[in-house]
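First the structure, in the form of structure tokens, and then the observations on it.
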Amino acid sequence: MDMETRELVLVDVEHKKQYKLMLSVEDHARATQDMAFASTLLQHAVINGMHNNATEDHTDSAADVEAAVHDNPTEGYTEPTSPQSGYDTDDLCRWSFEGVTLLLNLYGEKQDVLVKGKVKQKAFWNSIAELMAKHGYTYTASQCKTKLATLKRQYKKVKDHNKVSGNDRKDWPYLEAMDEIFSSQPWLVPVSLASSSSASVNSAASSSSTSTS
């Protein structure tokens, strides 16, 4: 008796392609619940699709995909990690510690032209992606931009946490590099600190007015 199968559609966002996979009922259920497993399925589908010159709508058999996945279920995929780890994933895109460090170094060196409006966002990130490629790291401009946005969100969380009295200090591999680039940015200034500064100015002005009256 033939094994019952179900169709699963996975989307490769970067290349704007869909892959239809025929999976066993068990693996179909697992893929809908387990992001790591679904990502591994997509990775293998992309590899097989490229090899076979896949079109926009590519179908892999359950045997081909499942055999590859079960032989090496974690190939090409890294689990989402904590801030202390050296590896990160964003939209199924794997970043090594060295790759992130290079991205930050390049952004730090080139950010002035972006901040001062001398170049458009698209051209800026295309340039960053090209420089990354020259060092052996192949990412699209969109992936580089998304990664930096993710880093900025995590950076703010770490900084906010460490500023709260009584909290254990939270460490992060990119904290020092991010400090060099963003420590003076207005989006990092706590509201309470800004309010205190304002109050001090008003208080000083009031005292000055009182002393001269």
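The values are calculated or read from the model by the stated rules, or taken from the named source; none is laboratory data. Nothing here was measured: the structure is a model prediction, and the numbers come from that model. We place every Cβ from the backbone using ideal geometry, glycine too, and count neighbours over all the protein chains shown.
Some observations on this one:
- Residues being in a helix (DSSP H, G or I) and over 14 Å from Val100 (Cβ atoms) - total across the stretch 154-178: 8
- Failed condition for Gly136, given (1) surrounded by fewer than 10 Cβ atoms within 10 Å (Cβ to Cβ); (2) small (Gly, Ala, Ser); (3) farther than 19 Å from Ser96 by Cβ; (4) modelled with pLDDT of 90 or more: (3)
- Filter pass, Trp125 being at pLDDT 90 or above, touching a strand residue (DSSP E or B) at 6+ places or on another chain (Cβ under 7 Å) and not β-branched (Val, Ile, Thr): no
- Among the residues of the stretch 118-141, those that are touching a residue at least 24 places away in the same chain (Cβ under 8 Å) and hydroxyl-bearing (Ser, Thr, Tyr) comprise Tyr137, Tyr139, Thr140.
- Residues that are surrounded by fewer than 18 Cβ atoms within 10 Å (Cβ to Cβ) and modelled with pLDDT under 55 occur in the stretch 32-50; there is at least one.
- Scoring Asp90 on the criteria (1) at pLDDT below 90; (2) surrounded by fewer than 12 Cβ atoms within 10 Å (Cβ to Cβ) leaves a single failure, condition (2).
- Residue list for the stretch 98-146, filter: more than 21 Å from Tyr174 (Cα to Cα) and acidic (Asp, Glu): Glu130
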